[in-house]
Structures are given as C-alpha cells and as structure tokens.
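Q: Sending over a structure as structure tokens; questions will come in a sec.
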Amino acid sequence: MVFPPNISNGTKVCVNGIEISKVASCRYLDVVIDEELKWTSHIKSVCNELLKYTGIFYKPRDKLPVKILREMYYASAHPL
C-alpha cells in the first residue's frame, strides 16, 4: 500500500483516546474489506458460505420439483 509522504506505517490512529489497531480485513455490512481494498477476501468468504448450501440442494434434487428447489435457492443462497 502506498502512503502519502507525511504518513508512515507506524502512524497510530486514536479515537477518544483509544488506539485503533490495524487489521488485515474486517466485515462491514456483510462485505469483507481488506487492507488493500481488493475483492479476493470477500469472494472467498461468499464462496465458503455458498458451499454450505450445496448439500441442501444436492440431496433433494431428484425428489423435489424444480419450482420448490428454485424457491429454496432464492430464499437461502441467492441473497448471498
């Protein structure tokens, strides 16, 4: 990350006398924001969450009608 000339990596940020520590990434409004403002951390997070739903859709795929499977998808996985 490139800093302006008057700011270094050792700069401390304080709010109301409390020092804010540096983190590699954080989640804000369910979006993962990393220190370089790249999407890779967020994409990995969403992919990991979607993997949880593969079994839910895989097991009943032959037993439930497509309409019900579609409703399950739009209720659970699509919002991610």
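Q: To test your reading of the geometry: what angle, between 0 and 90 degrees and rounded to tens, separates the Cα axis of helix 66-76 from the longest principal axis of the chain?
A: On a 0 to 90 degree scale, this one is about 20.
Q: Can you put L80, L37 in order of Cβ neighbours within 10 angstrom, beginning with the fewest?
A: The order, fewest Cβ neighbours first, is L37, L80.
Q: Go ahead and set up a Gaussian network model of the chain, Cα springs under 10 Å, then flag whichever of T40, T11, T54 fluctuates most.
A: Sorting by GNM fluctuation, first place goes to T11.
Q: Further question on the same structure: Connecting C-alpha atoms closer than 10 Å in a GNM of the chain, tell me which of L29, L69, L51 has the biggest fluctuation.
A: L29
Q: Ok, one more. Given 0.36 nm per residue, what is the gain on full extension from C26 to S76 after removing their alpha carbon distance, in nm?
A: Length gained between C26 and S76: 15.7 nm.
Q: Please give the helix 40-58 orientation as an angle from the longest Cα principal axis of the chain, in degrees from 0 to 90, rounded to the nearest 10.
A: 20
Q: Sticking with this one: Divide by every residue of the chain the summed helix terms, -39500 (n - 2.57) for each DSSP H run of at least 4, and state the resulting mean residue ellipticity at 222 nm, rounded to the nearest 500 deg cm²/dmol.
A: Counting only the DSSP helices, I get -12500 deg cm²/dmol.
Q: Report the Cα-based extents of the range 13-76 along its three principal axes, largest first, to the nearest Å.
A: Largest first, the range 13-76 extends 59, 22, 15 Å along its Cα principal axes.
Q: Hey, another quick one. Counting only pairs 8 or more places apart or on different chains, how many lysine pairs in the range 13-76 have C-alpha atoms closer than 25 Å?
A: 8
Q: Which of the listed residues, I18, A77, Y28, is farthest toward the dipole's positive end in the chain, when Lys, Arg count +1 and Asp, Glu count -1 at the beta-carbon?
A: A77
Any read-out appearing in this document is the output of simple, stated calculations on the displayed coordinates, not a laboratory observation. What you see is a predicted model; the values in this text were computed from it and never measured. Neighbour counts run over all protein chains shown; Cβ positions are idealised from the backbone, glycine included.
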